[in-house]
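Visitor: I'd like to ask you about the structure that follows.
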Amino acid sequence: MDAQKLTYFLAAAHTQNFRRAAELCHVAQPVLSRQIAALEQDLGVELFERDRRKVALTPAGTAFIAHARAILDRIQEGRQAMAARREAVGGTLTVGCIEPLSDTLLPPAFAAFRRRHPLARVSVTVSGTEELFEQVERGELELGLFGLAPERMRANPLLVVHELYRDRLALLVAGDHPLARGATSVGVRQLFDEPMALLNQRFAMRRILERIFAQHSRVLAPALDIDNVATLKLIVKEGGVSTVLPQSLLAPADRKAGMVALPIHDLHEVFTFALVYRQVPGLSPTAEAFIEAVTASVDAHPPGASE
């Protein structure tokens, strides 16, 4: 029972489709099918029910998912331990990063990484969560720095989610907004009558808000859609509209300019910022070193802390 067979099994369990699983694993479908059949022979049980159009997990297959993940986790731990013994860190690391973190978390993390590993290179792609998440899934990016809604945390068993910190959502308003003068928090229903500027559908934040409004039989109709957090905050700062973002994205400079973050007290959904990467193949030494730098940066400079 090897890691490759387990990876193919988890991909098929996730997609419920051998063709799509083969695409995710970058192999031909017959290769994946043979490896899964070999795994079933090793285990002495059928993991999938097959017909011409689809496959479905058997009860044994469902039960085996947790075991497969645990085995791959141990393999990954072993690889990481061996990577830590390597002194040379070099080559080019490909990283996907959402724009809010490229402005806040990435600069100090890269500076620390660069000081320790001057020969390594980092190639960063800044885009929305969905595009970057898919690129990590396909192996086009080695690491992703994302903000993830709860449903994304275990969306794909082939991926590792290395949590950095959690944050709650807040209504961000300018200093002259009526709510900025006395309110310490707001409720979900207060959002319904607020004219808002929001991140567009490329961002997990937008989908969270759309779901919240739908749960209350409301349609989310912002006055402005945009794909840039920095510009969004400048627009809110000018007054006339508010926005909803994780509280940590209100930087000390924004607070000095009079902006206020009002927690949404009856919204308990947690937004998680995390590093995401594939289970197989294992991380490169450069990626391991970069994760260490990012984690240390978060510990040294907690997001949202005042200057």
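The values are calculated or read from the model by the stated rules, or taken from the named source; none is laboratory data. All of these numbers come straight from a predicted model, not from anything done at the bench. Virtual Cβ from ideal backbone geometry, glycine too; neighbours counted across all protein chains shown. The accessibility values were calculated without ligands, DNA or RNA, using every heavy atom of the protein model including side chains. Shrake-Rupley method; radii C 1.70, N 1.55, O 1.52, S 1.80 Å.
Visitor: Give E269, E288 a once-over and let me know the one that is out of contact with any Cys (no Cβ under 6 Å at 6 or more places or on another chain), within 26 Å of R138 (Cβ to Cβ), touching a residue at least 12 places away in the same chain (Cβ under 8 Å) and open to solvent by 30 Å² or more (accessible area, probe 1.4 Å).
Guide: Working: E269 fails: within 26 Å of R138 (Cβ to Cβ).
Going through E269, E288 in turn, just one is out of contact with any Cys (no Cβ under 6 Å at 6 or more places or on another chain), within 26 Å of R138 (Cβ to Cβ), touching a residue at least 12 places away in the same chain (Cβ under 8 Å) and open to solvent by 30 Å² or more (accessible area, probe 1.4 Å): E288.
Visitor: Sticking with this structure for a sec: Consider only pairs whose beta carbons are under 6 Å apart and that are at least six residues apart or on different chains; among these, list those whose first residue lies in the stretch 26-43 and is within 23 Å of G139 (Cβ to Cβ) and free of Cβ contacts under 8 Å to residues at least 60 places away in the same chain and whose second residue is of a type in the set (K, R) and open to solvent by less than 60 Å² (accessible area, probe 1.4 Å).
Guide: Cβ pairs passing all conditions: Q35/K5; L39/K5.
Visitor: Considering only residues that are among the polar types (S, T, N, Q) and farther than 22 Å from R166 by Cβ, which ones fall in the stretch 99-124?
Guide: S123
Visitor: Moving to a separate point now. Is it fair to say R79 is assigned to a helix (DSSP H, G or I), modelled with pLDDT under 90 and of a type in the set (K, R)?
Guide: yes
Visitor: Could you run through the stretch 123-134 and say how many residues are open to solvent by less than 40 Å² (accessible area, probe 1.4 Å) and either over 17 Å from L275 (Cβ atoms) or touching a residue at least 60 places away in the same chain (Cβ under 8 Å) (or both)? Outline the logic, then answer.
Guide: The initial filter retains those residues of the stretch 123-134 that are open to solvent by less than 40 Å² (accessible area, probe 1.4 Å), namely 127-129, 132-133.
Of the ones still in play, those that are also either over 17 Å from L275 (Cβ atoms) or touching a residue at least 60 places away in the same chain (Cβ under 8 Å) (or both) are 127-129, 133.
Going through the stretch 123-134 one residue at a time, the tally reaches 4.
Visitor: Just checking, how many residues over the stretch 209-228 are of a type outside the set (V, I, T), exposed (fewer than 11 other Cβ atoms within 10 Å of the Cβ) and more than 22 Å from V270 (Cβ to Cβ)?
Guide: Looking only at that region, the number is 2.
Visitor: Can you name the residue in the stretch 291-300 that is open to solvent by 20 Å² or more (accessible area, probe 1.4 Å) and out of contact with any strand residue (DSSP E or B) (no Cβ under 9 Å at 6 or more places or on another chain) and is also farthest from Q247 (Cα to Cα) among such residues?
Guide: So the residue we want is E292.
Visitor: So, in the stretch 248-295, how many residues would count as being part of a strand (DSSP E or B), modelled with pLDDT of 85 or more and not β-branched (V, I, T)?
Guide: 8
Visitor: Considering each residue of the stretch 230-247, count those that are open to solvent by 20 Å² or more (accessible area, probe 1.4 Å) and either outside any helix (DSSP H, G or I) or touching a residue at least 60 places away in the same chain (Cβ under 8 Å) (or both), and give that number.
Guide: Initially, the stretch 230-247 is screened for residues open to solvent by 20 Å² or more (accessible area, probe 1.4 Å), giving 230-231, 233-235, 237-241, 247.
With the extra rule that they be either outside any helix (DSSP H, G or I) or touching a residue at least 60 places away in the same chain (Cβ under 8 Å) (or both), the set shrinks to 230, 233, 237-241, 247.
Residues in the stretch 230-247 being open to solvent by 20 Å² or more (accessible area, probe 1.4 Å) and either outside any helix (DSSP H, G or I) or touching a residue at least 60 places away in the same chain (Cβ under 8 Å) (or both): 8 in total.
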